[in-house]
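What follows is one structure encoded as structure tokens, with my remarks underneath.
The values are calculated or read from the model by the stated rules, or taken from the named source; none is laboratory data. The structure displayed is predicted, hence computed values, not measured ones. Using ideal geometry, Cβ is built from the backbone for each residue, glycine included, and neighbour counts are taken over all protein chains shown.
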């Protein structure tokens with residue numbers, strides 16, 4: 001077999017692998033940025049809700065429920081779950097705020 005043919009196929013294969021890996025890297029970065037943007041949106045929404053709670057209530061569970069009633073939230077016996085945070089109550093008063101990843 002001719003040396004030029006062997007060299008051509010080696011270079012051609014290397015070129016295809018480089019292009020394939022480059023496309024994969026670009027697509028992977030795009031997907032990662034999309035998920036990061038969505039996560040930041042959820043975090044921003046939680047922060048806005050916490051600001052509203054702290055500024056508009058005296059931090060009792062009933063007032064917080066009334067303030068957030070329009071949102072799609074999970075209300076348990078002693079916990080109000082936002083998207084990425086949870087408000088933990090003790091005797092109807094806000095005890096702490098936890099991240100729920």
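Working only within the stretch 49-64, note down all residues that are assigned to a helix (DSSP H, G or I), out of contact with any helix residue (DSSP H, G or I) (no Cβ under 9 Å at 6 or more places or on another chain) and surrounded by 14 or more Cβ atoms within 10 Å (Cβ to Cβ).
The answer is 50, 61.
Would you check if residue 68 is at pLDDT below 80, within 24 Å of the chain's Cα centre (by Cα) and surrounded by 11 or more Cβ atoms within 10 Å (Cβ to Cβ)?
It is true that residue 68 is at pLDDT below 80, within 24 Å of the chain's Cα centre (by Cα) and surrounded by 11 or more Cβ atoms within 10 Å (Cβ to Cβ).
When both residues are 6+ apart or on different chains and their Cβ atoms are under 7 Å apart, which pairs have a first residue that lies in the stretch 20-47 and is surrounded by 10 or more Cβ atoms within 10 Å (Cβ to Cβ), and a second that is at pLDDT below 90 and not in a helix (DSSP H, G or I)?
42/83; 42/84; 43/84; 45/83; 46/82; 46/83; 46/84; 46/85
Taking the condition exposed (fewer than 11 other Cβ atoms within 10 Å of the Cβ), on the phi < 0 side of the Ramachandran plot, over 25 Å from the mean Cα position of the chain (by Cα) and free of Cβ contacts under 8 Å to residues at least 60 places away in the same chain, does residue 93 pass?
Yes: the conditions hold for residue 93.
Taking residue 12 and the conditions (1) touching a strand residue (DSSP E or B) at 6+ places or on another chain (Cβ under 9 Å); (2) in a helix (DSSP H, G or I), which numbered condition does it fall short on, given that it satisfies the others?
Single failed check for residue 12: (1).
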